[in-house]
Structures are given as structure tokens and as C-alpha cells.
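To keep things clear, I will list the structure first and then write my remarks on it.
The values are calculated or read from the model by the stated rules, or taken from the named source; none is laboratory data. The structure displayed is predicted, hence computed values, not measured ones. Cβ sites come from the backbone with ideal geometry, for glycine too, and all protein chains shown count toward neighbours. Ligands, DNA and RNA are excluded from the accessible area calculation, which covers all protein heavy atoms including side chains. Shrake-Rupley method; radii C 1.70, N 1.55, O 1.52, S 1.80 Å.
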Amino acid sequence: MEAYTEIREAVAKLCAGFPGPYWRALDREMAYPTAFVNALTESGYLSVLIPEAYGGSGLPLSAAAAILEEVQRAGCNGGACHAQMYTMGTLLRHGSEAQKAEYLPALAEGRLRLQAFGVTEPTSGTDTGSLKTTARLEGDHYVVNGQKIWTSRAEHSDLMLLLARTSPRTEGMKRTDGLSVLLVDMREARGNGLTIRPIRTMMNHATTEVFFDNLRVPAQNLIGAEGKGFRYILSGMNAERILIAAECIGDAKWFIERARIYAGERSVFGRPIGANQGVQFPIAKAYANMRAAELMVREALALYEGGANPGAEANMAKMLAADASFEAANACIQTHGGFGFAEEYDIERKFRETRLYQVAPISTNLILAYLSEHVLGLPRSY
């Protein structure tokens with residue numbers, strides 16, 4: 001598989017212009033890293049998956065994974081913009097030629113942002129078939145009513161991919177039938193049926209809850225066929241999990257390198273603390289687990305790029321990489337002792353950021369449930 005050495009080096013160089021103090025200042029104010037996202041956009045890194053015909057680079061998913069891994073490895077936070085890479089796939093794979101021609105070049109150039117993904121709801125969580133947001137067709141518009149939560153970057157996006165129920169559930173109907181995907185232009189929608197409320201969380205993730213009150217969305221903004229939206233969303237979830245896994249690998253490498261350097265430099269009782277096996281072994285174990293998770297990510301990428309539908313591999317890559325990054329985060333804090341909790345070392349910030357991926361975009365427990373049922377053939381548990 002391509003190593004993308006030149007891309008990695010260029011991303012690392014770009015990220016060097018956004019060091020710890022930049023992220024700390026944003027973290028204190030819960031502010032969005034606009035300058036960083038603009039720099040990534042202008043350098044073409046957020047459009048690598050968009051075909052060349054629409055102004056992108058037309059590179060495979062492994063290139064996007066390399067970019068996001070390097071962003072995290074540099075101590076930055078790709079969570080501010082990674083969604084554009086995987087939400088764009090729904091538009092690319094299932095949108096009409098007119099929709100792709102209208103939106104993809106603008107996304108590639110950075111004139112528009114597609115960062116918001118409206119799926120999760122307060123009462124349904126990851127039980128997508130139970131979502132309650134409705135879109136009723138009236139003439140040439142859909143009228144949308146309902147609520148979404150954990151809709152990250154909604155305040156900093158021009159467009160939103162919205163999953164809503166266009167057909168009511170009836171007896172004998174599959175729970176995920178009747179759901180459709182709409183492309184919502186939030187520039188027009190805000191104040192005209194769309195309300196966005198920020199949610200403060202333990203990390204600076206720009207997440208929100210979104211309310212729809214008779215929001216009118218042009219019928220021409222329907223992606224693909226009505227009622228088939230769940231399948232369209234599902235097809236992009238493998239890419240989402242693989243890219244998140246790559247970010248976690250980058251986080252793990254950042255934590256391990258920080259711990260390694262500090263353990264070699266910090267002296268207590270007349271020798272470096274890294275000479276003690278009690279300090280060495282957690283770092284070494286974190287490294288071994290990171291490398292194992294990295295291999296799973298590579299396998300998932302190879303299968304995805306080969307045209308397979310690697311649900312098991314994508315889920316395992318995400319789970320193992322998230323576990324590896326969190327283990328490395330704990331080892332890094334433990335190695336630094338009290339200094340690991342000090343803001344100026346950036347470790348506590350990155351610790352909070354990487355903790356998210358035990359829960360999102362899908363929790364570890366649900367991945368284990370998926371593997372139990374679909375890989376091991378055990379009875380369904382939910």
C-alpha cells in the first residue's frame with residue numbers, strides 16, 4: 001500500500017505552523033480552529049477523495065487516512081474537519097450528476113463546507129431505525145420537523161447531510177426503510193426553520209443540537225431514491241470508522257513519543273525515570289498495541305480500496321485503534337506524573353480528545369455486539 005511519504009511530510013510541515021499554544025487558546029474558549037481548517041482546505045487536503053473531474057485529487061481512502069494520522073501525530077485535532085472527507089462520499093456515490101456538478105467543485109475549492117452530519121437523535125442514539133425526524137413532501141419541497149443531537153460542526157458548515165423519515169413505519173416494514181437523505185443548505189435554513197444550539201463538552205469538539213421547525217428543503221436536494229437513505233449512510237460508515245482509526249493511530253504515536261522523550265530526560269534519584277521497568281513497560285506495551293492496531297487499519301484500507309465491504313475490519317480497526325490511543329494516553333500521563341495534567345504540556349488536552357473515540361462515532365460495546373452477531377454467529381443481543 002502506498003506510504004504517501006511526501007503527503008505526510010507536507011502535512012507535518014503545515015501542522016508545525018499550528019503548535020500547542022494555538023490549540024490551548026482555542027480550547028480555553030471552546031473556539032473553532034478556523035485558520036487551521038482553512039490551511040488544510042487551501043492546501044487541498046480536505047478534497048483528496050473528490051475526483052479530479054470535480055476539482056479534487058481523486059486519491060484513495062488510504063491517502064485521507066495518511067493525512068488525518070499525521071494531523072493527530074503532530075498534536076493537532078482533525079475532528080474539526082474530518083467529516084468532510086467521509087460525508088462527501090454519500091454525495092459522490094449516490095447524488096445526481098447535477099448535484100455533484102453543483103457541490104463537489106465548490107467543496108474542493110473551499111467555497112463550501114460539508115461538515116455536518118445529521119443522524120443521531122436524543123431518544124434513539126445509534127438506533128437509527130427509531131429516529132423521529134420527519135420530512136414530508138409538499139409540492140416541490142420537503143417540510144422537515146424534528147431534532148438532532150451531537151451534530152458536530154453545524155455552526156461551521158454550509159451544508160448538512162440529513163437523515164429523516166419520509167415514510168411512516170408500518171407493520172412488516174423494515175425499521176430502516178422509509179429513511180431518506182437530504183442535503184440541507186444551512187446558509188438559507190438558519191432562522192427559517194433551523195435552530196442550532198452549541199453543547200459544551202469535555203473536549204473542544206464544536207458539537208451541537210439542531211432543531212427543525214417546518215424547515216423547507218427543495219425536493220431536488222434529495223440524495224438518491226426516497227426511502228433508501230439508510231443504505232446510503234451505511235455505505236459511508238466503513239470509511240468513517242477507518243479514518244477515525246487512522247486518527248487514533250496518530251494520537252497514539254504522539255503520546256508514545258512524548259512519553260519516550262520525557263522518560264529519557266526526566267531524572268529522579270540520580271537516573272532517568274525511563275531506566276525503570278515500571279516506566280518502560282507501559283510505554284512499550286502501548287507501542288506494541290499501537291502497531292497491532294495499525295496493521296488492522298491497513299487491512300481495512302486494503303479491503304475497502306479493493307472494492308469489498310469490510311464492516312468487520314473497519315469496526316475492529318476503529319475499536320483497536322481507539323483502545324491503543326487511550327492506552328498510550330494513560331501511559332503518557334503516568335510517565336509525566338503531575339506535569340501530565342498541566343495545560344502547557346498539551347497531554348491533558350489530547351487525553352480528553354482521544355477519549356471521545358471510545359464512544360464515537362460508535363461505541364466499543366456496539367462494535368463488540370456487531371462482531372458477536374455478524375462474525376461469530378452468536379444470538380443478536382439488541
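Accessible surface area normalised per residue over the chain is 44 Å², counting heavy atoms of protein chains with a 1.4 Å rolling probe. When the alpha carbon coordinates of the chain are projected onto the principal axes, the ranges are 79, 48, 38 Å, largest first. Here's the list of aspartates and glutamates a cross-link from K174 could span, going by alpha-carbon distance under 14 Å and ignoring same-chain residues fewer than 8 apart: D127. Compute the helix-to-body angle for 20-29: its Cα long axis versus the longest principal axis of the chain, expressed 0 to 90° and rounded to tens. Here the helix axis deviates by roughly 50 degrees. In a reduced charge model with +1 at each Lys and Arg Cβ and -1 at each Asp and Glu Cβ, segment 197-273 shows a dipole moment near 240 debye about its Cα centre. Among bridges DSSP assigns within segment 161-261, what percent are antiparallel (round to 5)? Taking every DSSP beta bridge with both residues in segment 161-261, the antiparallel ones total about 85 percent. Projected onto the charge dipole of segment 116-209 (+1 at Lys/Arg Cβ, -1 at Asp/Glu Cβ, origin at the Cα centre), which of G172, P122, L183 gives the Cα projection farthest towards the positive end? Of the options given, the answer is P122. For a straight C-alpha distance cut-off of 26 angstrom, the lysines reachable from K285 (same-chain residues fewer than eight places away being disregarded) are K253, K318, K350. What a 1.4 Å probe finds exposed on the chain is 53% carbon and sulfur by accessible area, rounded to a whole percent. Dipole magnitude for the chain: about 700 debye, using +1 per Lys or Arg Cβ and -1 per Asp or Glu Cβ, origin at the Cα centre. Along segment 238-253 the Karplus relation, 6.51 cos²θ - 1.76 cosθ + 1.60 evaluated at θ = phi - 60°, assigns HN-Hα couplings of 4, 4, 4, 5, 5, 5, 4, 4, 4, 4, 5, 4, x, 4, 4, 5 Hz to successive residues, with x for each Gly and Pro.
Return the tail of the calculated pair distribution for segment 50-178, meaning the percent of Cα-Cα pairs more than 20 Å apart. Summing the P(r) of segment 50-178 above 20 Å gives 56 percent of all pairs. Basic side chains Lys and Arg get +1 at the Cβ, acidic Asp and Glu get -1 at the Cβ, and with that the dipole of segment 1-79 about its Cα centre reaches some 260 debye.
Taking all Cα pairs closer than 8 Å and separated by 6 or more residues, the relative contact order of the chain comes to 15 percent. Legend: calculated FRET efficiency, A292 to H141, from the Cβ-Cβ distance at R0 = 45 Å, rounded to 0.05, equals 0.35.
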